[in-house]
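**Student:** So that we are looking at the same thing, I have put the structure below in structure tokens.
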Protein chains: 2
Amino acid sequence: MPIHDMATACGEPGHAATDALDAALIAELGADIVTRSADIEPHYFTAYNEAPGARPRALVRPRSVDDVSRTLALCTKLQQPVVPQGGLTGLARGAVALGGEIVLSMERFAGIESIDAAAGTITVRAGTPLQVVQEAAEAAGFTFGVDLGARGSCQVGGAIATNAGGTRAIRYGVMREQVLGLEAVLADGTVVSSMSRVLKNNTGYDLKQLFIGSEGTLGIITRAVLRLRPKLAPPATAMCRVADYDAVVRLWDRMRAVPEVVSFEAMWPSFYQYVGRHTPDVTAPFAGEDGFAVLIECATSAPGGDAAQTLETCLADCFEAGLVDDAALATSERQARDMWLLREGLAIDALPNLINFDVSLPTGELGEFAQRCEAALRARWPDVVCLFFGHVGDGNIHIGASLAELDEALAEELDRTVYGVVQEMDGSISAEHGIGVLKRPYLGCTRSDAEIGMMRRLKAALDPQQLLNPGKVL
Amino acid sequence: MPIHDMATACGEPGHAATDALDAALIAELGADIVTRSADIEPHYFTAYNEAPGARPRALVRPRSVDDVSRTLALCTKLQQPVVPQGGLTGLARGAVALGGEIVLSMERFAGIESIDAAAGTITVRAGTPLQVVQEAAEAAGFTFGVDLGARGSCQVGGAIATNAGGTRAIRYGVMREQVLGLEAVLADGTVVSSMSRVLKNNTGYDLKQLFIGSEGTLGIITRAVLRLRPKLAPPATAMCRVADYDAVVRLWDRMRAVPEVVSFEAMWPSFYQYVGRHTPDVTAPFAGEDGFAVLIECATSAPGGDAAQTLETCLADCFEAGLVDDAALATSERQARDMWLLREGLAIDALPNLINFDVSLPTGELGEFAQRCEAALRARWPDVVCLFFGHVGDGNIHIGASLAELDEALAEELDRTVYGVVQEMDGSISAEHGIGVLKRPYLGCTRSDAEIGMMRRLKAALDPQQLLNPGKVL
């Protein structure tokens with residue numbers, strides 16, 4: 001999609017001011033922690049899949065909670081805006097500077113602090129990659145409840161700050177439901193440590209909830225206590241073909257009662273046909289035609305449990321009931337991976353000028369939504385390519401929309417068209433990707449004036465100078 | 001426990017002022033909605049298990065969200081404090097007036113608004129009793145995720161406002177994890193309606209989280225969208241005896257991997273012996289002696305699933321492994337109910353001057369906590385009766401402590417002794433009952449100055465005149 005040249009648009013800060021800022025940061029934190037603006041690698045000001053944005057005034061990479069606290073206390077004194085940064089895998093451009101900010105990257109404050117096997121909890125630092133958390137959980141005999149494509153590069157602090165979702169939400173909930181305790185630093189440098197280690201804790205306001213999903217605008221997350229789940233045996237994966245979206249809903253109604261179901265992912269016909277043709281080295285289990293494809297993954301922690309047997313029995317029942325037209329059970333890890341490659345649909349990234357949407361509506365309404373959304377787009381752009389796919393069981397679908405020619409005005413019109421349908425149907429314009437910069441103009445499609453007013457009150461209460469991630473969310 | 005005579009302590013408001021207040025409320029809301037102070041039944045100013053407290057200045061019983069909004073707007077204008085009230089089943093005295101407030105009871109704004117079977121959600125009004133929600137869920141082919149003893153009289157709005165826990169938290173989480181959407185009215189009368197109907201919704205701050213568990217001090221909850229779970233077949237229930245708390249933890253480590261487990265409740269030996277002797281018409285499945293008793297309930301939504309078979313197999317394995325000394329599987333609903341009656345332990349209410357505690361610590365630390373807590377109590381009061389029991393799998397236990405003689409100073413000393421041990425071990429002084437009035441002096445045992453400071457900032461942002469449930473929580 002078209003990228004503003006933020007660096008030019010916002011202007012470089014004056015050298016004198018930047019020199020003074022560097023000096024103040026280095027005096028407070030030491031030269032090891034602070035990188036001067038000119039020396040910052042483009043990685044730190046480039047959002048996922050986009051051209052470089054605004055060069056930050058400085059890069060701070062703390063090694064401790066105290067470093068974070070002192071950075072923010074100094075920034076409050078200097079009225080210096082700060083962008084917190086994790087693994088930069090977000091899709092809403094929430095972790096890059098817009099012009100004039102410093103960037104505070106958590107990458108050096110990483111690692112597992114402890115695991116409590118009896119309680120089933122893991123205590124982690126914000127900069128830890130999600131995959132490291134997952135692997136530590138597995139090594140200790142547990143499973144971590146959230147998984148998503150960016151697991152190798154996203155950081156757990158960022159995943160909490162954006163309340164990441166992913167493909168296991170129907171079983172374990174989103175990131176919010178994994179967080180028992182949290183530590184965050186407020187704009188003024190106050191460390192608010194609520195590192196609760198239990199599922200039940202009703203001692204006053206549950207402060208962590210405010211930091212989860214607020215995209216670094218209310219505080220910077222430093223550590224967390226996360227829930228672990230009983231270890232799942234290797235999963236069983238199947239792809240099935242059903243006639244239409246009604247059949248998807250009926251299949252979901254059956255499958256959600258099966259405790260082994262971890263993922264239930266649907267692909268609309270045009271998406272399935274596209275990825276079936278364009279995913280290298282992968283053969284789709286059955287021809288696309290007009291049906292919907294549903295990927296189901298089952299796994300169990302039960303001693304002696306057999307998720308493959310459960311899945312096979314369920315699908316046989318559904319086939320007999322006329323609910324499923326065709327089904328393929330993966331008989332190797334390779335086959336299961338190929339099914340997931342189709343669903344992840346990276347092939348669609350090759351479409352010209354692709355714009356991705358991430359919306360949610362109650363499961364039963366997604367079929368109508370897709371029809372109305374495609375009709376609205378096609379009425380304006382008869383040649384639009386629009387592909388629907390997603391998690392469905394949790395109400396979340398993604399849309400890939402592509403036009404042969406696109407400029408900024410058209411991109412905005414396309415956004416408005418899709419979000420207009422979401423608004424008409426009372427859905428959410430961001431299911432799991434957050435608001436960041438990209439969806440900020442459309443927040444009002446899902447949230448009322450009263451809600452946005454309350455958000456502003458909270459922002460003013462916790463960050464009165466508007467220093468934390470300015471220009472994001474609100 | 002000893003009750004202050006609040007009405008006397010706080011003094012009756014002057015007649016002239018009360019008449020003016022009545023007139024203003026009636027002019028705004030109508031005589032049907034407003035009850036004058038003198039006409040209010042004691043029920044509305046009496047906390048569970050206690051003597052009547054302060055008579056409210058007026059009772060308002062709204063029939064609509066608009067009634068709630070207009071009440072609060074008027075109260076803001078008049079600087080009139082308000083106590084929101086649900087079913088009055090709380091154990092922290094959070095729903096009664098302390099002197100000078102009006103009470104706003106949600107009992108008339110009740111009922112199920114809708115059920116979305118495809119999405120698995122139910123939309124309810126705050127005044128609906130929890131049991132009505134549970135029954136509506138069952139009738140629609142679902143199970144509601146939270147259950148607790150007060151189901152028949154507590155209201156769902158109060159259960160959300162206090163983030164109720166209960167006996168199924170290990171399977172479905174606490175009340176917070178059931179709430180997808182919420183509507184609440186701020187102190188100034190602003191209706192903040194965030195009635196999201198999906199599991200994934202990351203559009204700005206998740207405002208509902210602030211109202212959940214804040215005990216009516218930040219807003220008054222009016223409606224909610226709740227998650228429904230696949231319908232569970234009738235459960236299988238067993239009681240087993242294990243040697244010591246270590247064995248309880250090892251048993252939990254096995255049982256949590258079994259997806260059918262809904263409840264895992266432990267009784268310390270002295271508790272089990274006491275309730276075994278004093279619960280009318282119930283015979284304990286095995287003699288008390290020195291072992292711990294564990295109640296396990298299994299249930300499944302899987303088609304053709306057999307929870308009783310699963311439970312029996314698991315217990316046989318545990319018996320063979322030497323982990324369980326004895327086990328009784330309930331063979332009738334009556335037997336299962338009797339096991340629950342023992343665990344619920346209403347028999348201990350007959351102990352003189354009983355004080356109940358509700359604390360949480362990581363599962364692996366509860367054994368040591370109980371030892372240290374009992375030792376600390378016994379060092380001061382050699383004859384104290386202290387009985388430990390609770391949910392354990394979620395880190396939550398209850399303590400019943402009884403002294404033959406008790407006055408206010410001794411009660412406070414007893415509180416401080418128990419909460420002192422909780423604080424030393426970095427636990428929570430309120431797992432599921434909230435803070436209310438009773439635990440307010442001890443909030444600092446679990447929460448730091450920074451946390452309490454942040455709570456105050458939030459309170460000031462949303463209720464600057466401190467009109468909502470004053471004297472509670474903070």
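**Student:** Per the Debye formula with a single identical scatterer at each Cα and no solvent contribution, what log10 I(q)/I(0) holds for chain B at q = 0.10, 0.13 Å⁻¹?
**Tutor:** -0.78, -1.26
**Student:** Leaving out ligands, DNA and RNA, what percent of the accessible area of region B:63-153 is carbon and sulfur, probe 1.4 Å? Walk me through the numbers on the way to the answer.
**Tutor:** Details: 1500 of 2980 Å².
After summing per-atom areas, the C and S share lands at 50 percent.
**Student:** So for the pair A:A23, A:H43, with labels modelled 7 Å out along Cα→Cβ, what separation do we get in nm?
**Tutor:** 3.1
**Student:** According to the square roots a ≥ b ≥ c of the eigenvalues of the Cα gyration tensor, what is the shape class of region B:6-108, taking rounded for a/c under 1.5, prolate for a/b larger than b/c otherwise, and oblate for the remainder? Write out the running numbers ahead of the final one.
**Tutor:** Details: a/c = 1.86, a/b = 1.25, b/c = 1.49.
Judged from the Cα gyration tensor, region B:6-108 comes out oblate (a/c at least 1.5, b/c at or above a/b).
**Student:** Of the options B:V34, B:L468, B:V65, report the single residue whose Cα projects farthest towards the positive end of the charge dipole of chain B (beta-carbon charges: Lys, Arg +1; Asp, Glu -1).
**Tutor:** B:V65
**Student:** In debye, nearest 20: dipole of region B:38-164 around its Cα centre with unit charges on the Cβ of K, R (+) and D, E (-)?
**Tutor:** It comes to approximately 440 debye.
**Student:** Still on this model: Between the helical axis of B:15-29 and the dominant principal axis of chain B, each derived from Cα atoms, what acute angle in degrees is found, rounded to the nearest 10?
**Tutor:** 80
**Student:** Please give the residues from region A:84-128 for which the solvent-accessible area of heavy atoms, probe 1.4 Å, is smaller by at least 30 Å² with all protein chains in place than with the chain isolated.
**Tutor:** A:A118, A:A119
**Student:** Oh, and also: Just from its helices, what would the mean residue ellipticity at 222 nm be for chain A, if runs of 4 or more DSSP H residues each count -39500 (n - 2.57) and the sum is divided by every residue, rounded to the nearest 500 deg cm²/dmol?
**Tutor:** The helix-only estimate for chain A comes to -9500 deg cm²/dmol at 222 nm.
**Student:** Based on the mean of other beta carbon atoms within 10 Å per residue, what is the order of A:156-162, B:381-387, most packed first?
**Tutor:** On the way: A:156-162: 30.6, B:381-387: 17.1.
Most protected by this proxy first, the peptides run A:156-162, B:381-387.
**Student:** Quick one: divide the alpha-carbon radius of gyration of region B:112-230 by 2.2 N^0.38 Å and tell me what you get.
**Tutor:** In units of the globular-protein estimate, region B:112-230 measures up at 0.97.
**Student:** How shielded is B:185-198 by partner chains, expressed as the average number of their Cβ atoms within 10 Å of its Cβ atoms?
**Tutor:** Mean partner-chain Cβ count within 10 Å for B:185-198: 4.
**Student:** List the residues of region A:362-376 for which accessible area in the full set of protein chains is at least 30 Å² lower than for the chain on its own; 1.4 Å probe, protein heavy atoms only.
**Tutor:** Residues of region A:362-376 that lose at least 30 Å² of accessible area once the other chains are added: A:P362.
**Student:** Evaluate E = 1/(1 + (r/R0)^6) for B:A409 and A:K231, where r is the Cβ-Cβ distance and R0 equals 51 Å; express this FRET efficiency to the nearest 0.05. Intermediate values should be presented prior to the final figure.
**Tutor:** On the way: r = 51 Å, r/R0 = 1.00.
My answer for the efficiency is 0.50.
**Student:** A follow-up question, please. Which whole-angstrom value gives the distance between the alpha carbon centres of region A:372-449 and region B:116-154?
**Tutor:** Using only Cα atoms, the two centres lie 34 Å from each other.
**Student:** Related question: Could you run the numbers on buried accessible area between A and B, total for both chains, 1.4 angstrom probe, in Å² to the nearest 100?
**Tutor:** 6700
**Student:** While we're on this one: To the nearest 10 square angstrom, how much accessible area does A:L232 have with a 1.4 angstrom probe?
**Tutor:** Using a 1.4 Å probe on the heavy atoms, I get roughly 30 Å².
**Student:** Further question on the same structure: Given a Förster distance of 35 angstrom, what is the FRET efficiency for B:A287 paired with B:A379, based on the Cβ-Cβ distance and rounded to 0.05?
**Tutor:** So, using R0 = 35 Å, E works out to roughly 0.75.
**Student:** Oh, and also: Assigning unit charges at the beta carbon (Lys, Arg +1; Asp, Glu -1) and nothing else, what dipole magnitude in debye, to the nearest 20, does chain A show about its Cα centre?
**Tutor:** 1440
**Student:** Moving on. Taking the label point as lying 7 angstrom from Cα along the Cα-to-Cβ axis, what are the distances from A:F319 to the corresponding position in the remaining copies, in ascending order and in nanometres?
**Tutor:** In nanometres, ordered from closest: 4.0.
**Student:** Short version: which residues of region B:249-265 lose at least 30 Å² of accessible area, all chains versus chain alone, 1.4 Å probe?
**Tutor:** Those are B:R256, B:A257, B:P259, which lose 30 Å² or more relative to the chain on its own.
**Student:** Could you work out what % of the accessible surface of region A:236-346 is carbon and sulfur, using a 1.4 angstrom probe and leaving DNA, RNA and ligands out of the count?
**Tutor:** The value for region A:236-346 is 48 percent carbon and sulfur by accessible area.
**Student:** Could you provide, to the nearest whole Å², the per residue accessible area of chain B with probe 1.4 Å?
**Tutor:** Per-residue accessible area for chain B comes out at 36 Å².
**Student:** Could you give the angle, 0 to 90 degrees to the nearest 10, between helix A:366-380's Cα long axis and the longest principal axis of the Cα atoms of chain A?
**Tutor:** With rounding to tens, the tilt is 70 degrees.
**Student:** Shape call for region A:236-346 from the C-alpha gyration tensor, a ≥ b ≥ c root eigenvalues: rounded (a/c under 1.5), prolate (a/b greater than b/c) or oblate?
**Tutor:** oblate
**Student:** Working from Cα positions, state the angle (0 to 90°, nearest 10) between the long axis of helix A:408-424 and the longest principal axis of chain A.
**Tutor:** Around 60 degrees separate the two axes.
**Student:** Set the Förster radius R0 to 30 Å, insert the Cβ-Cβ distance between A:R277 and B:A140 as r into 1/(1 + (r/R0)^6), and round the FRET efficiency to 0.05. Spell out each step's value before the answer.
**Tutor:** Working: r = 42 Å, r/R0 = 1.40.
It comes out at approximately 0.10.
**Student:** If you roll a 1.4 Å probe over region A:351-433 with all protein chains in place, what percent of the accessible area is carbon or sulfur? Kindly include the intermediate steps, with their values, before the conclusion.
**Tutor:** Details: 1310 of 2880 Å².
Carbon-and-sulfur percentage of accessible area, whole number: 45.
**Student:** Ok, one more. How big is the Rg/Rh ratio for the protein assembly as shown, C-alpha atoms only, Rh by Kirkwood, two decimals?
**Tutor:** Numbers: Rg = 28.2 Å, Rh = 29.2 Å.
With Rg and the Kirkwood Rh in hand, the quotient comes to 0.97.
**Student:** Give the whole-number value, in cubic angstrom per residue, of the convex hull volume spanned by the C-alpha atoms of region A:351-433. All intermediate terms of the calculation are to be shown ahead of the outcome.
**Tutor:** On the way: hull volume 6.7 nm³, N = 83.
It comes to 81 Å³ per residue, whole-number rounded.
**Student:** What number of lysine-lysine pairs in the protein assembly as shown show an alpha-carbon separation below 17 angstrom, given a sequence spacing of 8 or more or placement on distinct chains?
**Tutor:** 14
**Student:** Per-residue Cβ counts within 10 Å, from other chains only, averaged over A:352-359: what number is that?
**Tutor:** 1
**Student:** Along the charge dipole of chain B, which of B:M339, B:L78, B:I212 sits closest to the positive end, that is, farthest toward it, with unit charges on the beta carbon of Lys, Arg, Asp and Glu (+1, +1, -1, -1)?
**Tutor:** Checking the options against the dipole of chain B, the answer is B:L78.
The values are calculated or read from the model by the stated rules, or taken from the named source; none is laboratory data. Computed from a prediction, not measured in an experiment: that's the story for all the values here. Please note: Cβ atoms are built from the backbone with ideal geometry, for glycine as well, and neighbour counts cover all protein chains shown. Keep in mind that these areas ignore ligands, DNA and RNA; they rest on the heavy atoms of the full protein, side chains included. Shrake-Rupley method; radii C 1.70, N 1.55, O 1.52, S 1.80 Å.
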